[in-house]
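> One structure, as structure tokens, below. Some questions next.
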Amino acid sequence: MMGTAVFYLVAVVGVVSAIAAVSHKNPVVNVLSLVVTLFCIAVSYALLGAEFLAAAQILVYAGAILVLFLFVVMLLGAPEEPPAGERRPFQRAAGLALAGITAAGGVAVLAGIRAAGPAGAAQGTADALGRLLTGPYLFAFEFISVLLLAAMVGALMLVKRKH
Amino acid sequence: MIAQYIPVVLAFAFAALVAVAMVGLTAFLGRGRLGRSRTRDTFESGMPLLDSSRKRVSVRFFVVAMVFIVFDVEVAFLFPWAVSARGLLAEGNSTVLLDGLVFLVLLAVGYAYLWREGAFDWSRRGNES
Amino acid sequence: MTVPISHFVTFAAVLFAIGAAGVLLRRSGISILLGIELMLNAANLALVAFGRQHGQLDAQVFVFFVMAVAAAEVAVGLALLVAIFRKQRSIDVDRLNVMRW
Amino acid sequence: MWAEITVSAAKVAVIAGTVLTLVAVMEWVERRGAAFIQDRLGPNRVGPFGLFQPIVDAVKLLFKEDLTPANVSRGLYLLAPMISVSVALLTFIVIPFGAGKDVTVFGVPLGGVEVAPDLGVGVLFLLAIGSLGVYGIVLAGWSSNNKYSLLGGLRSSAQLISYELSMTLAVLGVLLATGSLRLDDVVARQGGQFWFGVVPQWNVVPQIVGCIVFVVAVFAETNRLPFDLAEAETELVAGYHVEYSSMKFAAFLMSEYMNMVTASALIVTLFFGGWTFPGMSRFSGWPLLALSLVAFGIKLAFFLWLFVWVRWSLPRFRYDQLMRLGWKGLLPLATLNLVWVGVAMAMGWIR
């Protein structure tokens, strides 16, 4: 029951901060709210038995990726959202409608799986994940390195000043 | 298995309590005399403030952070490998260490590229914004 | 644990919709990338929840890979934003309507 | 259930209380140590040898005028020191400070002098939460709306993330040799056995390179001299906390010292056998617990003194030197250490 209480607390906090993350005007607040949301997702992972993933989520997402976001916000001098000038009203309505459809679709999918409860109790320990990574997913494991290498080269080329 | 998180929850509560107490206590005990405007000025070595301090900063910070997230993800992938390697080795899987070595070699290629491009040279010209 | 899996998935769906709304409605490039991150994370959460339902760990490995892909996406995406900001002095995506400059 | 929670809460209170006391002691040691190294007396008015100086300092800081500068982003400005303190208070919960697996309190197993002994992710929790410490610094720098703060905060956060990689890679070497994320297992593997009958099987012997990398990296992570580029009084006045006063300033100071304690404890645990000591197999139960605490305390004291010693002996790096050392020096060394551990394991040199 402690897990239950924690989950609903985390869900509410996560949703509220997610709304702040996409709607607040100040980009620094956006990034920080997303940190809170990602933290809530990490707690959900822990509740789902994915303990390693929870730690990796904080280490990689909150500790690295969003730091990069924060650096970019400061790099650009914390730009405010430009005034909503040229954008036509129907674009805004269409955006909201699409988001609504997405949510409705998610809920519709949910109705199908409501019957089943928690079945397996496979624990996502680092050891178990390591065995999968070096076993069936070995190629993907090695290839991730190549993907990140490509991303690194690309990003460096983009920000480099040409002389 | 949820039980393993009880101390973590308690520690979070304790940390939050201490943090709030520290900032709250000083606000409570250190009241009064507020509002003398000069003391609340931004400190610029005694100079009056000339302009905003929210400047755009050098792109080199971005490069460092970008390189960091790439390597951080790679290191995160090494954790499960490192933890399971010992057990797998004992079970007779002799190539598991080689898997990690290949991963590290691929990482080293990226590292060598960054070195050549001068991403680690803070004072080299041409990197700054 | 007594929380049904469907509640985790509902949480994920709501987060996904919020992220989608952010991507569709905001005009600053940073906010759009943040929205994409939120959507990716919501998908990850759903994946972990479904993986739990089936008692399998493969979903968690997938999520781990998604994290790596997200890191790569963020590195390149933000580098693009920095490059665009240098040319245009703005990260308003509505003004990105020129093919070359 | 409730008994476990009570024991856990008691452990949080006792261990955190000890660490906070150590922070006060370290403040005194730092000032007296500095005075000793510079051949002067140091604080000597309050109590014997000035021992009560930290208490006086704390009271003074508590009653200082609570200033919030005019141009700051108020919410973030208040949040930053809170993040720093919370992160510092959370990181040491996975460190085993002493034995006690076979001890029970009121019928509840104590599980060692460690707040969260059953946490599966072990040291990864410490690394993950520790990586959030960047936010405290970067937010302090940005929200203060001060050029010194902004530069200090950015510099410091870039420094933190640069050295975090080397630190993590050095930890990975130990984890690879141990095959577990839990620091309990790391300690258990190092205790009780000897090479050639005299050299304890501490990780520092096969992984001396990793140990050096780790020590240097945690010096940078704790923002201590020779890596205190964030403060750099001569160029940045005080870096990211220049706009902070009273207890908010003390929060940053305290988190620095707490991080120092955690870092020293981590060095001891990962590379120097943790709480193990020669001849410990003859003891069990409470005597073992007490002796293990003493052993840990002695090792911890040495590394804490090392922090003070180095601070007053070495000059500060220049920023480009710092980055060069981190990226071109420590990172390859840490990777080589990892490869070496792998090779040694494949050859059967490390069992």
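> Step by step: first the residues of the stretch A:134-157, then only those that are under 22 Å from the mean Cα position of the chain (by Cα) and surrounded by 21 or more Cβ atoms within 10 Å (Cβ to Cβ), then the one that is farthest from the other protein chains (Cβ to nearest Cβ). Which residue is that?
Looking at residues that are under 22 Å from the mean Cα position of the chain (by Cα) and surrounded by 21 or more Cβ atoms within 10 Å (Cβ to Cβ), I get A:141.
> Pull up the stretch D:281-328, narrow it to residues that are in a loop (DSSP other than H, G, I, E, B) and in contact (Cβ under 8 Å) with a residue 40 or more places away in the chain, then point me to the one that is farthest from residue D:221 (Cα to Cα).
Out of the qualifying residues, it is D:284.
> I need every pair where a residue in the stretch B:1-28 that is within 7 Å of chain D (Cβ to nearest Cβ) and more than 24 Å from residue D:59 (Cβ to Cβ) has its Cβ under 7 Å from the Cβ of a residue that is among the β-branched types (Val, Ile, Thr) and surrounded by fewer than 19 Cβ atoms within 10 Å (Cβ to Cβ), sequence separation at least 6 or different chains.
Hits for this filter: B:6/D:5.
> Please work out if residue C:38 is at the interface with chain A (Cβ under 7 Å from one of its Cβ atoms) and either in a helix (DSSP H, G or I) or within 13 Å of the chain's Cα centre (by Cα) (or both).
It is true that residue C:38 is at the interface with chain A (Cβ under 7 Å from one of its Cβ atoms) and either in a helix (DSSP H, G or I) or within 13 Å of the chain's Cα centre (by Cα) (or both).
> What number of residues within the stretch D:86-96 are over 13 Å from the mean Cα position of the chain (by Cα) and in contact (Cβ under 8 Å) with a residue 60 or more places away in the chain?
Looking only at that region, the number is 1.
> In addition: Applying the selection to the stretch D:139-148, what residues are assigned to a helix (DSSP H, G or I), in contact (Cβ under 8 Å) with a residue 40 or more places away in the chain and more than 15 Å from residue D:248 (Cα to Cα)?
Within the stretch D:139-148, D:142, D:148 qualify.
> Considering each residue of the stretch D:36-64, count those that are surrounded by fewer than 15 Cβ atoms within 10 Å (Cβ to Cβ), of a type outside the set (A, V, I, L, M, F, W, C) and under 22 Å from residue D:255 (Cα atoms), and give that number.
Residues in the stretch D:36-64 being surrounded by fewer than 15 Cβ atoms within 10 Å (Cβ to Cβ), of a type outside the set (A, V, I, L, M, F, W, C) and under 22 Å from residue D:255 (Cα atoms): 1 in total.
> Of the residues A:82, A:27, only one is touching a Pro at 6+ places or on another chain (Cβ under 9 Å), at pLDDT below 90 and over 16 Å from residue C:11 (Cβ atoms); which?
Being touching a Pro at 6+ places or on another chain (Cβ under 9 Å), at pLDDT below 90 and over 16 Å from residue C:11 (Cβ atoms) holds for just one of A:82, A:27, which is A:27.
> Please go through the stretch D:241-280 and give me each residue that is assigned to a helix (DSSP H, G or I) and more than 25 Å from residue D:56 (Cα to Cα), ordered by number.
Hits for the stretch D:241-280 are D:263, D:264, D:265, D:266, D:267, D:268, D:269, D:270, D:271, D:280.
> Residues of the stretch D:84-104 being surrounded by 24 or more Cβ atoms within 10 Å (Cβ to Cβ), aliphatic (A, V, I, L, M) and over 23 Å from residue D:271 (Cα atoms), which ones?
D:85
> Residue under question is residue D:160, and the condition is that it be assigned to a helix (DSSP H, G or I), facing another protein chain (nearest Cβ under 7 Å) and of a type outside the set (Gly, Ala, Ser); does it hold?
no
> Same structure again: Check B:100, B:87 and return the single one that is in contact with a helix residue (DSSP H, G or I) (Cβ under 8 Å, 6 or more places away or on another chain), surrounded by fewer than 21 Cβ atoms within 10 Å (Cβ to Cβ) and under 15 Å from residue A:130 (Cα atoms).
Step by step, each of B:100, B:87 is checked, and only B:87 is in contact with a helix residue (DSSP H, G or I) (Cβ under 8 Å, 6 or more places away or on another chain), surrounded by fewer than 21 Cβ atoms within 10 Å (Cβ to Cβ) and under 15 Å from residue A:130 (Cα atoms).
> Which condition from (1) in a helix (DSSP H, G or I); (2) surrounded by fewer than 24 Cβ atoms within 10 Å (Cβ to Cβ) is the one that residue D:154 breaks?
Residue D:154 satisfies all of (1) in a helix (DSSP H, G or I); (2) surrounded by fewer than 24 Cβ atoms within 10 Å (Cβ to Cβ) except (2).
> Something else: Has the stretch D:161-168 got at least one residue that is in contact with an Asp or Glu (Cβ under 6 Å, 6 or more places away or on another chain), modelled with pLDDT of 85 or more and over 22 Å from residue D:299 (Cβ atoms)?
Yes: the stretch D:161-168 contains one or more residues that are in contact with an Asp or Glu (Cβ under 6 Å, 6 or more places away or on another chain), modelled with pLDDT of 85 or more and over 22 Å from residue D:299 (Cβ atoms).
> Something else now. Please pick out the residue among D:59, D:29 that is more than 14 Å from chain B (Cβ to nearest Cβ) and either assigned to a helix (DSSP H, G or I) or touching a residue at least 40 places away in the same chain (Cβ under 8 Å) (or both).
D:29
> So if I check each of D:80, D:34, D:10, which one is modelled with pLDDT of 85 or more and in contact with a Gly (Cβ under 6 Å, 6 or more places away or on another chain)?
Only one candidate qualifies: D:80.
The values are calculated or read from the model by the stated rules, or taken from the named source; none is laboratory data. All values reported here derive from a predicted model rather than from experimental measurement. Don't worry about glycine lacking a Cβ; one is built from the backbone with ideal geometry, like all the others, and counts go over all protein chains shown.
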